[in-house]
Every structure is written in structure tokens, then in C-alpha cells.
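Before any comments, here is the structure.
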Amino acid sequence: GAVVSQHPSRVICKSGTSVKIECRSLDFQATTMFWYRQFPKQSLMLMATSNEGSKATYEQGVEKDKFLINHASLTLSTLTVTSAHPEDSSFYICSASPDSNQPQHFGDGTRLSIL
Amino acid sequence: DQQVKQNSPSLSVQEGRISILNCDYTNSMFDYFLWYKKYPAEGPTFLISISSIKDKNEDGRFTVFLNKSAKHLSLHIVPSQPGDSAVYFCAARPNTGNQFYFGTGTSLTVIP
């Protein structure tokens, strides 16, 4: 079945560091990928929709200058958390689908801890 | 505003019995619903889906029921197995756009 790979799985870094998270669709092309964030005991909250070859669409309340998204190819989207602070510590997860009529497939997520 | 709600954060069921996980939604524009299963340290994996034109979809031990008038869906697992122990998320998508809205999850424990 469709596989989505996310890297890294865990990041621990100092406040002020920028962190890049990669999301790859391994056996299909994805013109659209989604980035979610999950706080403990809360649901997956959509942050942004990553569109290949064009600008990402951000959900209300998500700072686009803080969370930079690049979808440079049909198999790769990256999320960069710029100048990360402790409040950015969270679980970030991406998803993609071969087409809109199929379920989304998720990466294994990235646990980001900012000290 | 939480548009998809799973009001039971946890559920324990004896092995072999039926597990029923519930999900409620508020947006009448949702027309596609899914259940995902998540193990610790892994991403959610797709389990089963249902579109709004149906009220039931069955796949092996898993059955999803949709009650559109009540804006309610449920996942039935029978018979439950210890390997089913995981967090289950329901998700819904409106008939416009590709984005999904997720519930907060229900942690299922199947007791051997």
C-alpha cells in the first residue's frame, strides 16, 4: 500500500534553532500533502496544506513565516519551524494521498522538543 | 471549535467481545468519514471508511455505521483481539476540499 515517510522522528534542540522536517511519498506522487500538529490529549490539528509548485495554504492562526512549507517535488514536502521556541514543542505529522478519493496515509510523525 | 468529537477518551473490552467506538460531528457538509488506528510512536494507519451515501461498511472484523440524521458514526470491532489495543481516531472531510478533521481519539484496551 501507499507509504509516507517522515524524517526525523525525533528532534531535541535549543531555543532559536530552525528545524526542518521532511515528508516523502515513497510509492506515489502527491500534488497535495497535509501538515498536522498534535498536542497531548488533543486531536490532530491541520496546520497547512502543501501544494506542489505553489504556495501552501495555512489554517487560521498558523503563522506562515514561522512554519515554512516547501513542496518542491511531487514526492517531497518540507516543514521548517523557524527560530523554534519551547511553545513549538509538539508532535508534527504529515499525510498524503495518491488522489483525493483515497484515504490519507500518514507518516510516523516527528516529536519536536525545544529546550 | 471541535467539529469532530470522540467523547470517550478510553475504552476497555474483554477479548472476544465487541468493541464499539463512537464519534459525533457537527458539520453537515461532511460527506466522507474514516477511522484510523494509531500505535505509540507511529503515525495513524487507515482502517476503514464510509461515504455519506451509505450507512454501513464492513471489512472483516471491522464495521463502520453512519447515522447522518444524528451526525454520528461508530466503529464496531468483533471479536476484539489484544492486538486491537491502540488509539482510534475518527476523521471527516467536507464535500469541498481535501482537508480532514480529526476527533481527539479513543484509547482501546482489549484485555486478554
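The values are calculated or read from the model by the stated rules, or taken from the named source; none is laboratory data. Quantities reported herein were computed from a predicted structural model and do not represent experimental measurements. Cβ atoms come from the backbone with ideal geometry, glycine included; neighbour counts cover every protein chain shown. Areas reflect the complete protein model, heavy atoms only, side chains present, ligands, DNA and RNA absent. Shrake-Rupley method; radii C 1.70, N 1.55, O 1.52, S 1.80 Å.
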Subset of the stretch A:39-60 [open to solvent by 80 Å² or more (accessible area, probe 1.4 Å) and not basic (Lys, Arg)]:
A:Pro40, A:Gln42, A:Met45, A:Gln60
Members of the stretch B:17-46 found to be more than 9 Å from every other protein chain (Cβ to nearest Cβ) and open to solvent by 30 Å² or more (accessible area, probe 1.4 Å), listed by number:
B:Arg17, B:Ile18, B:Ile20, B:Asn22, B:Asp24, B:Thr26, B:Asn27, B:Ser28, B:Met29, B:Asp31, B:Tyr39, B:Pro40
Which of (1) closer than 21 Å to B:Gly105 by Cβ; (2) touching a residue at least 40 places away in the same chain (Cβ under 8 Å); (3) of a type outside the set (A, V, I, L, M, F, W, C) does A:Pro86 not meet, given it meets every other one?
(1)
Looking for something at pLDDT below 95, of a type in the set (Lys, Arg), open to solvent by 10 Å² or more (accessible area, probe 1.4 Å) and assigned to a loop (DSSP other than H, G, I, E, B) - is there at least one such residue anywhere in the stretch A:65-83?
no
Single residue of the stretch B:73-97 satisfying the filter (within 14 Å of chain A (Cβ to nearest Cβ) and buried (at least 18 other Cβ atoms within 10 Å of the Cβ)) that is farthest from A:Gln42 (Cα to Cα)
B:Arg93
Can you pull out every residue in the stretch B:88-109 that is part of a strand (DSSP E or B) and of a type outside the set (Val, Ile, Thr)?
B:Tyr88, B:Phe89, B:Cys90, B:Ala91, B:Ala92, B:Arg93, B:Pro94, B:Tyr101, B:Phe102, B:Ser107, B:Leu108
Need the failing condition index for B:Val110 against (1) farther than 30 Å from A:Ser25 by Cβ; (2) within 14 Å of chain A (Cβ to nearest Cβ), just the number.
(2)
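Going by what's in this entry, would A:Thr80 be described as under 10 Å from the mean Cα position of the chain (by Cα), in contact (Cβ under 8 Å) with a residue 12 or more places away in the chain and more than 11 Å from chain B (Cβ to nearest Cβ)?
Numbers: under 10 Å from the mean Cα position of the chain (by Cα): yes; in contact (Cβ under 8 Å) with a residue 12 or more places away in the chain: yes; more than 11 Å from chain B (Cβ to nearest Cβ): yes.
So A:Thr80 fits the description; yes.
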In the stretch B:22-29, is there at least one residue being farther than 15 Å from B:Gly103 by Cβ and out of contact with any strand residue (DSSP E or B) (no Cβ under 7 Å at 6 or more places or on another chain)?
yes
Out of the residues in the stretch A:93-113 meeting the condition of being farther than 20 Å from B:Arg93 by Cα and open to solvent by less than 30 Å² (accessible area, probe 1.4 Å), tell me which one is nearest to the other protein chains (Cβ to nearest Cβ).
A:Gly109
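Condition check ((1) at pLDDT below 95; (2) more than 12 Å from the chain's Cα centre (by Cα)) across all residues:
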| residue | (1), (2) |
| --- | --- |
| B:Glu58 | no, yes |
| B:His72 | no, no |
| B:Leu75 | no, no |
| B:Val87 | yes, no |
| B:Cys90 | no, no |
| B:Thr96 | yes, yes |
| B:Thr104 | yes, no |
| B:Thr109 | no, yes |
Test each condition in (1) open to solvent by 80 Å² or more (accessible area, probe 1.4 Å); (2) touching a Pro at 6+ places or on another chain (Cβ under 8 Å) for A:Ala30 and report the one that comes out false.
(1)
